[in-house]
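The values are calculated or read from the model by the stated rules, or taken from the named source; none is laboratory data. Everything numeric here is computed off the predicted structure, so don't read it as measured data. Don't worry about glycine lacking a Cβ; one is built from the backbone with ideal geometry, like all the others, and counts go over all protein chains shown.
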Amino acid sequence: MNQPFIIPTVTANENGISIFSEIDFSVQQRGGLFLTEQIGSKNFRIRKSDVGYETDFHLAGDATFIIIQKGSLKIELQNGDFKIFNSGNSFIAQDNLPENIIFDNQIHGHKASVIGNESLQAIHIKLSFNH
């Protein structure tokens, strides 16, 4: 049962192109619990977005752990790949550009949209690392 937590992630490759990947957080057994090491965070926010909400292509900036409490959020990459996160799902958005690349919304980033017929409620936790 000592399997890692695998968290879907939006990150960027060496060219600054946003891609989907995963982060494995190893766990240790402590009594009847399986816990990761402490993960530093800066702050958290509670988010609500109406049905039909959609962003332009953008970057996450700080690594952000997002927990969907209600509704469905579609994350789409520039190449058309997408993932849908529903109530109970979580992911980390941490796509950012190397210092020598200037953001171009035709090339870089991801966009987010609330899909379905239910508004979105989520928790955004700003992490103090880029894993």
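Taking into account only those residues within segment 59-73 that are surrounded by fewer than 18 Cβ atoms within 10 Å (Cβ to Cβ) and part of a loop (DSSP other than H, G, I, E, B), which is modelled with the lowest pLDDT? Break it down into steps so the answer makes sense when it comes.
Keep residues of segment 59-73 that are surrounded by fewer than 18 Cβ atoms within 10 Å (Cβ to Cβ), which gives 61-62, 67, 69-70.
With part of a loop (DSSP other than H, G, I, E, B) added as a condition, the list becomes 61-62.
Working: GLY61: 84, ASP62: 89.
The selected residue is GLY61.
In segment 1-35, what residues are β-branched (Val, Ile, Thr) and surrounded by 12 or more Cβ atoms within 10 Å (Cβ to Cβ)? I'd like the intermediate steps shown before the answer.
So the first thing to find is which residues in segment 1-35 are β-branched (Val, Ile, Thr), and the list is 6-7, 9-11, 17, 19, 23, 27.
Scanning segment 1-35 gives ILE7, THR9, VAL10, THR11, ILE17, ILE19, ILE23, VAL27.
Scan segment 93-120 residue by residue and report those that are within 19 Å of ASN79 (Cα to Cα) and of a type in the set (Ser, Thr, Tyr).
Across segment 93-120, the qualifying residue is only SER113.
Could you please find all residues in segment 16-57 being acidic (Asp, Glu) and either in a loop (DSSP other than H, G, I, E, B) or at pLDDT below 95 (or both)?
Narrowing segment 16-57 to residues acidic (Asp, Glu): 22, 24, 37, 50, 54, 56.
Hits for segment 16-57 are ASP24, GLU37, ASP50, ASP56.
Just to be sure, is ASN86 within 14 Å of the chain's Cα centre (by Cα) and either closer than 24 Å to ALA12 by Cα or of a type in the set (Asp, Glu) (or both)? It would help to see each step written out before you state the result.
Values: within 14 Å of the chain's Cα centre (by Cα): yes; either closer than 24 Å to ALA12 by Cα or of a type in the set (Asp, Glu) (or both): yes.
Judged against the criteria, ASN86 is a match.
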